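I have placed the structure first, in the form of structure tokens, so that the comments after it can refer back to it.
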Amino acid sequence: MVGHTHIKERLKSIIKIIKNPKKLEVFDVPVPKGLLLYGPVSVGKAMLAKAFVHEAGLSFIEIAGSKLFDLEYIKQVYEIAAKSAPSVVILEDIDIKGLMQGAITNVSFSDIAKVLESVDKMVFTIATSETLDGVDPVLTAPQKLDFLLEVSKLDKDARQFFVEKILQKPHDPKIDTERIVRYIAGMSAMDLERLGRMAALSVIEQGGSEITEDILIEQINIIKYGHKVETKMVKNLEEEMKMTAYHEAAHAILSSLLLPHIKIEQVTISRRSNMLGFVAYNAEDDMTNITKEELFNDVCVLLSGRLAKMKKAGESKMDSGAMDDLAQASINIYAAITTLGMDKELGFINIESIALMDNYFLSQQIEKRFLHWISVAQEHAKKLVDKHWKLIDTLAVKLIEKEIVESSELQKIIGKTRISNKIPETL
């Protein structure tokens with residue numbers, strides 16, 4: 001399989017360890033009994049497990065689904081595996097839940113751990129799960145699943161493989177494969193299998209002869225954001241699209257200026273079942289260790305959509321379109337104050353554990369600082385919208401005209417505009 005280079009290198013190293021146990025004697029370490037591959041659905045965990053078996057040249061037996069709840073069956077599998085040792089047992093989706101005697105329950109981790117303990121032959125266990133938290137620590141204790149390997153979303157090489165697989169079908173040779181590889185960041189293997197199938201069906205439905213770039217982009221957007229909404233289903237369509245254009249333009253312009261390291265792939269006002277319009281970011285640029293400045297800037301970006309609408313149409317036109325933006329902005333600010341220790345007055349606090357003992361601890365101070373952050377962020381975002389209105393207006397007009405603006409065109413609109421945005425001192 002293609003991609004997951006780092007994980008595959010680790011797996012090769014583990015194979016060397018279990019196939020050369022004498023090296024462990026120097027350190028007085030017993031031979032490892034297993035590993036856990038954990039990560040999101042459909043990123044290739046099962047494929048990696050089978051690639052491990054193939055690379056190691058060992059026989060394997062797989063246990064999945066309802067069989068994971070049948071302890072007697074599991075014992076029988078390990079007995080068979082022990083007779084053909086060295087061998088591998090794969091426990092697929094060990095975090096599965098089942099209905100037992102009318103109640104939803106987990107797999108019996110402690111019983112499986114005992115089975116692993118009882119096997120004295122070289123039977124190596126590979127388990128897969130969606131999260132590490134979904135597996136009881138009794139199964140990840142020493143001499144159980146010794147290695148814990150996280151399998152994250154598909155990397156660029158893996159996505160390139162899927163795009164090349166799709167392009168084995170009749171297609172326009174002018175398709176920009178690099179662009180498609182960027183756009184499918186964050187999608188699972190299942191999503192990408194669906195993409196190829198739906199793109200082909202779309203060509204047939206339209207009476208075409210080949211997959212085009214437009215068809216691929218549309219199918220990607222459908223998978224990520226939902227189907228387009230028919231225009232006849234929208235009242236006051238022209239006015240709605242105009243206001244959405246200013247809303248999304250503000251998000252895109254301020255995001256490009258305040259958070260330039262988070263790349264934007266496209267901005268659109270094409271209404272879909274999941275949203276009115278949207279700014280699509282490159283999923284590879286997710287922020288992990290966010291700074292106070294980035295968090296505050298993100299709040300300003302979130303508030304800018306409503307502020308741009310109000311600037312264009314007046315406060316009386318305030319609508320519910322910013323509900324999700326306001327929700328996320330509120331979550332960000334509350335986290336900054338209560339769990340991330342970023343507030344100037346409250347200091348380095350994290351009240352999550354304290355709240356278990358006292359729900360009202362610092363509640364008045366938190367409320368005061370929360371409202372202050374919101375007020376300052378709103379004022380700051382408004383100044384930024386006013387200052388960069390010409391760019392927002394230019395992008396909005398372009399969106400009204402074309403419905404979609406790609407990253408290259410967005411960068412042309414922004415040009416050499418750069419800003420240095422300092423956090424207000426009162427925060």
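Once Kirkwood radius over Cα pairs in Å is worked out from the coordinates, which option in (i) 25.5; (ii) 21.6; (iii) 22.4 does it equal? Step by step, Kirkwood radius over Cα pairs in Å for this structure corresponds to label (i). For Lys344, the lysines whose Cα comes closer than 21 Å to its Cα, not counting residues fewer than 8 places off in the same chain, are Lys292, Lys368, Lys422.
Remark: for residue pairs Lys263/Lys416; Lys75/Lys144; Lys156/Lys263; Lys311/Lys402; Lys309/Lys387, the C-alpha separation exceeds 18 Å in Lys311/Lys402.
Put simply, the amide H of Ile211, placed in the peptide plane, has neighbours under 5 Å in His171, Asp172, leaving out anything fewer than 5 places away on its chain. Its residues counted as N, segment 133-247 yields a C-alpha radius of gyration over 2.2 N^0.38 Å of 1.51.
The alpha carbon centroids of segment 104-118 and segment 132-167 are separated by 21 Å. The alpha carbon gyration tensor of segment 235-414 gives principal lengths a ≥ b ≥ c with a/c of 1.5 or higher and a/b greater than b/c, which makes the shape prolate.
Screening the chain for whole DSSP H helices of 30 Å or more along their axis (Cα) with average Kyte-Doolittle hydropathy at least 0.0 returns 237-258. Under 11 Å from the 7 Å Cα→Cβ point of Lys368, by amide nitrogen: which residues of segment 315-355? Answer for segment 315-355: 345-346.
Sites listed here are chymotrypsin sites (Phe, Trp or Tyr not before Pro) in segment 359-427 whose DSSP assignment is loop and whose Cβ has at most 10 other Cβ atoms within 10 Å: Tyr360. Here's the list of aspartates and glutamates a cross-link from Lys67 could span, going by alpha-carbon distance under 20 Å and ignoring same-chain residues fewer than 8 apart: Glu79, Glu92, Asp93, Asp95, Asp111, Glu117, Glu130, Asp136.
Listed by chain and number, the aspartates and glutamates placed with their C-alpha closer than 19 angstrom to that of Lys412 are Glu248, Glu265, Asp393, Glu401, Glu403; residues fewer than eight positions away on the same chain are left out. Counted over segment 1-105, the DSSP beta bridges are approximately 40% antiparallel. Taking amide H positions as modeled 1.01 Å from N, with prolines and chain starts lacking one, the residues under 5 Å from Glu265 and 5 or more places away or on another chain are Ala280, Tyr281, Asn282.
None of the figures in this text is laboratory data; all of them are computed from the coordinates on show. As the structure is a computational prediction, the values presented were derived from the model and not from experiment. With ideal geometry, Cβ positions are generated from the backbone for all residues, glycine too; neighbour counts draw on all protein chains shown.
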